[in-house]
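**Q** Below are the structure tokens for one structure; questions will follow.
The values are calculated or read from the model by the stated rules, or taken from the named source; none is laboratory data. Please read all numbers here as calculations on a predicted model, not as lab measurements. We place every Cβ from the backbone using ideal geometry, glycine too, and count neighbours over all the protein chains shown.
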């Protein structure tokens, strides 16, 4: 009888350990997928935006309300418009406005996804974008300015 | 007898569960590594496009995350200043576990002279790092079918713990006539 009880207890312990281990693995996998998805979504979004605006001189670097930004210039009906992609410290944001509008506020943009920082610098015919996620992980992305 | 069968059944179920957990962990790690590899390959392609069509120029434009290892930057500078720099057809970039660039290696060129200039105070060597976790091999060749087409082949490998596994490979073809490709 005691042997059966010990066996039962050991089976229960093994079961509980398996569940605990499974929970830990599941949490780790979810965290990893989440980090991966956020990073990939941000870089894919910016890359696709650049590909949509691949006209000569359309892509550049700028500053909106003190935040570094990627700018995409386009002409709609004879009027110049600029799409601003920037990070306000909490989110990657996007704002489309007339190019001659100089009183833009960072709060006016639409939230794209969570991000804590984005730096933009210009290099030879390309932009170097450094994205810092909310968890502090950094990723660099290089964008060609020319078509 | 039934106790033995139930114990064996439980043990089998436990082994299956543990294998599933390990598999999930491996898939997750591979997915993350592949995402990093694609980003690095994409950055290298843009660096190549931005330059004059040589690998040394691409390496100079690339400089990916090299600020952590100034020795690597100096190595790239030394590499770019070689008189026969345009002749380089293969470069390897080595990274640590966090995908920081830790070394650069040109297999078809003797870097022993430039390694001196390429070694920074941090001790990073411009001629490669045997402790690297990831490696990106970049090669440039002329197309045998169409004159003027240059083919940039990028292969990213997992070199952790003595492994040498390809995790991502891609090709970038660019039409660049000879006079434009010359530095």
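**Q** Do we have any residue at all in the stretch A:47-59 that's over 18 Å from the mean Cα position of the chain (by Cα) and assigned to a strand (DSSP E or B)?
**A** Within the stretch A:47-59, one or more residues are over 18 Å from the mean Cα position of the chain (by Cα) and assigned to a strand (DSSP E or B).
**Q** For residues that are within 22 Å of residue B:47 (Cβ to Cβ) and modelled with pLDDT under 90, scanning just the stretch B:120-140, find the one that is surrounded by the most Cβ atoms within 10 Å (Cβ to Cβ).
**A** Among residues in the stretch B:120-140 that are within 22 Å of residue B:47 (Cβ to Cβ) and modelled with pLDDT under 90, the one surrounded by the most Cβ atoms within 10 Å (Cβ to Cβ) is B:126.
**Q** So residue A:142 clears everything in (1) in a strand (DSSP E or B); (2) within 14 Å of chain B (Cβ to nearest Cβ); (3) touching a residue at least 60 places away in the same chain (Cβ under 8 Å) except one condition, right? Which one?
**A** (3)
**Q** I'd like the full set of residues that are in a loop (DSSP other than H, G, I, E, B) and either modelled with pLDDT under 65 or on the phi > 0 side of the Ramachandran plot (or both), limited to the stretch B:79-106.
**A** Once the filter is applied, which keeps residues that are in a loop (DSSP other than H, G, I, E, B) and either modelled with pLDDT under 65 or on the phi > 0 side of the Ramachandran plot (or both), the stretch B:79-106 yields B:82, B:83, B:84, B:99.
**Q** Shifting gears a bit: When the residues of the stretch A:111-134 are narrowed to those that are within 13 Å of chain B (Cβ to nearest Cβ) and part of a loop (DSSP other than H, G, I, E, B), which ends up surrounded by the fewest Cβ atoms within 10 Å (Cβ to Cβ)?
**A** Result: A:124.
**Q** Of all residues in the stretch B:17-30 being out of contact with any helix residue (DSSP H, G or I) (no Cβ under 7 Å at 6 or more places or on another chain) and closer than 30 Å to residue A:3 by Cβ, which is nearest to the other protein chains (Cβ to nearest Cβ)?
**A** The residue in question is B:18.
**Q** All but one of (1) at pLDDT below 85; (2) under 30 Å from residue A:12 (Cα atoms) hold for residue B:73; state the number of the condition that does not hold.
**A** Here residue B:73 meets the rest and fails (2).
**Q** In the stretch A:63-110, what count of residues is obtained for those that are part of a strand (DSSP E or B) and surrounded by 15 or more Cβ atoms within 10 Å (Cβ to Cβ)?
**A** 22
**Q** Is one or more of the residues making up the stretch A:51-64 within 13 Å of chain B (Cβ to nearest Cβ) and modelled with pLDDT under 85?
**A** For the stretch A:51-64, residues within 13 Å of chain B (Cβ to nearest Cβ) and modelled with pLDDT under 85: present.
**Q** Given the options B:14, B:33, name the one that is in contact with a helix residue (DSSP H, G or I) (Cβ under 7 Å, 6 or more places away or on another chain), at pLDDT 90 or above and either assigned to a helix (DSSP H, G or I) or within 30 Å of residue B:91 (Cα to Cα) (or both).
**A** Among B:14, B:33, only B:14 is in contact with a helix residue (DSSP H, G or I) (Cβ under 7 Å, 6 or more places away or on another chain), at pLDDT 90 or above and either assigned to a helix (DSSP H, G or I) or within 30 Å of residue B:91 (Cα to Cα) (or both).
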